[in-house]
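Written out below as structure tokens is the structure these notes cover.
The values are calculated or read from the model by the stated rules, or taken from the named source; none is laboratory data. Quantities reported herein were computed from a predicted structural model and do not represent experimental measurements. All Cβ positions, glycine included, derive from the backbone under ideal geometry; neighbour counts span all protein chains shown.
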Amino acid sequence: MSNSADFARVLKIGRPPNIQKLFPNSKALLVSGKVIDRALIAKGGAMTMAANGRNYFVIRGALMAAQRANSAILIEIARSECNYCPVNFWNMARIVDALCNEMAITIPVAIHADHYGIKQESDIPEAKIDIPSIFDAGITSIAVDASHMLDDKNLLANLELNSVIPGWAGLETEVGEIKGEQGLSTVDDASFLIKGLNAHGICPDWIALNNGSTHGLEVSGQGIQVPLTGEIHNALAPYGTSGAQHGTSGNSSEKLRSICKSTKTTKANVATALQMVGWGLEVNDDGNAILDDDGRFIKVKGEGLSGDAWKQVVAFADDKGWTAGEYKWLNLPLNTKLLGLPADIRERMCKRVEDFAYNMLVNVFNAENSADLAKEAILTVGSYDMGAKAARIEDPADWTKEKIIERAKGLDTDRGPEGDFDD
């Protein structure tokens, strides 16, 4: 969209009320997650990146890549990551808005609160206070993740929390914790969740599944199960719910292209790969960091962090007893150290993220030029609010609390092993 008058119009009507209030003079097109989903649906056979912004360098590089690809994008952080990253639910929108204005970024960007985890029913009262606060801080899309609980409690938690989520906001829900090849989601439990929400007039934009993906380094070799994903998405088609793919790092480009072509996925979370690339570690073609025989990362000379800075990173991790999968915890304690590096080092960190993300957006996800489709969606609707993708199909009388609890008893599910599966 090269017409400046059209962009001015999109900027005026496309930014949600919280963004307009926070950034009244901004030229950054921060939009609802619904807008991003609609754009990728319109393109067809495409998904875009939900770049996990664990640090400034990842966010900057991802935005540069999306602008270069003319792609719509989401910048996100998970609730658990707010505890060990300098980026969190309350400052992410401010960081993105500032960078967009600094770099003249004109593509649409959604600010996504990923994995807002509800582990037990007692978490819900706090969430009812917490969630409005993150929208006050500029969040435009949220993933309510109550998948740690049994199916009936998952659905009931989603229903109860919906009252504090703006109707215009992007909405993701989840069934089945991300546990790799164990505890896989089924058509039965995914349909239960989406049908129950539909009965109460709630139409999630995305559903995240346990379809064989893992968070962090992909070591099983099995990865995402594309046929299972497609089967579940097809069963949910009448309800208008797209797929959100978690755990893309380490899955082959061929498999990710297959997800685009064979499923209804429009959002793909990319986290660990971007962090490793920005630091200058050696990764394979799939974005998985390569380890040496001692289980340590391999630093690429002249890429990412300086050699001396990387030695300090490793020394800090060793002192804490952290192994490869725990290096993500370095983002917060070493944040000021990394921001204080010379400009050329900081620039090459961002550039490496940009190049990796650009290739993924254009050559793997087929997201190129989806930014124009997102802007067109805003102009067509004439609002920041895209509305629901599907009408109510299910009868609310069949989905009362009592009937939800009874229905859940007959579900065909396998929850897999117990454990800590936080992102």
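Taking D319 as the residue in question, decide whether it is acidic (D, E), over 20 Å from P342 (Cα atoms) and in a helix (DSSP H, G or I). Taking the combined requirement at face value, the residue satisfies it.
Evaluate segment 63-76: report whether one residue or more is touching a Gly at 6+ places or on another chain (Cβ under 6 Å), closer than 22 Å to N101 by Cβ and of a type outside the set (G, A, S).
Yes, that holds for at least one residue.
Checked against (1) under 24 Å from the mean Cα position of the chain (by Cα); (2) farther than 26 Å from N88 by Cβ, P342 passes all but condition (1). On the stretch given as segment 361-419, residues that are among the hydroxyl-bearing types (S, T, Y), buried (at least 18 other Cβ atoms within 10 Å of the Cβ) and either modelled with pLDDT under 95 or more than 24 Å from G44 (Cβ to Cβ) (or both) total 1.
Restricting E354, E347 to those that are crowded, with 19+ Cβ neighbours inside 10 Å, assigned to a helix (DSSP H, G or I) and among the charged types (D, E, K, R) reduces the list to E354. Of the residues making up segment 40-54, those that are of a type outside the set (A, V, I, L, M, F, W, C) and either under 15 Å from A65 (Cβ atoms) or surrounded by fewer than 24 Cβ atoms within 10 Å (Cβ to Cβ) (or both) are K43, G44, G45, T48, N52, G53. So in segment 261-298, with the set limited to residues that are out of contact with any helix residue (DSSP H, G or I) (no Cβ under 8 Å at 6 or more places or on another chain) and part of a helix (DSSP H, G or I), which one is farthest from K34 (Cα to Cα)? Ranking the candidates gives M276 first. Report yes if some residue within segment 42-54 is farther than 9 Å from T266 by Cα, at pLDDT 95 or above, assigned to a loop (DSSP other than H, G, I, E, B) and touching a helix residue (DSSP H, G or I) at 6+ places or on another chain (Cβ under 6 Å); otherwise report no. Yes, the conditions are met somewhere in segment 42-54.
One residue is enough: does segment 206-226 have a residue meeting the conditions at pLDDT 90 or above, part of a helix (DSSP H, G or I) and surrounded by 24 or more Cβ atoms within 10 Å (Cβ to Cβ)? No, every residue in segment 206-226 fails to be at pLDDT 90 or above, part of a helix (DSSP H, G or I) and surrounded by 24 or more Cβ atoms within 10 Å (Cβ to Cβ). Across segment 120-163, the number of residues qualifying as among the hydrophobic types (A, V, I, L, M, F, W, C) and under 11 Å from V175 (Cα atoms) comes to 5.
Of everything listed in (1) out of contact with any strand residue (DSSP E or B) (no Cβ under 9 Å at 6 or more places or on another chain); (2) under 29 Å from A377 (Cβ atoms), the single unmet condition for V58 is (1). Residue pairs whose Cβ atoms lie under 9 Å apart, separated by 6 or more positions or on different chains, with the first residue in segment 83-104 and under 16 Å from I131 (Cβ atoms) and the second exposed (fewer than 14 other Cβ atoms within 10 Å of the Cβ) and not aromatic (F, W, Y), are F89/S133; W90/S133; W90/D136.
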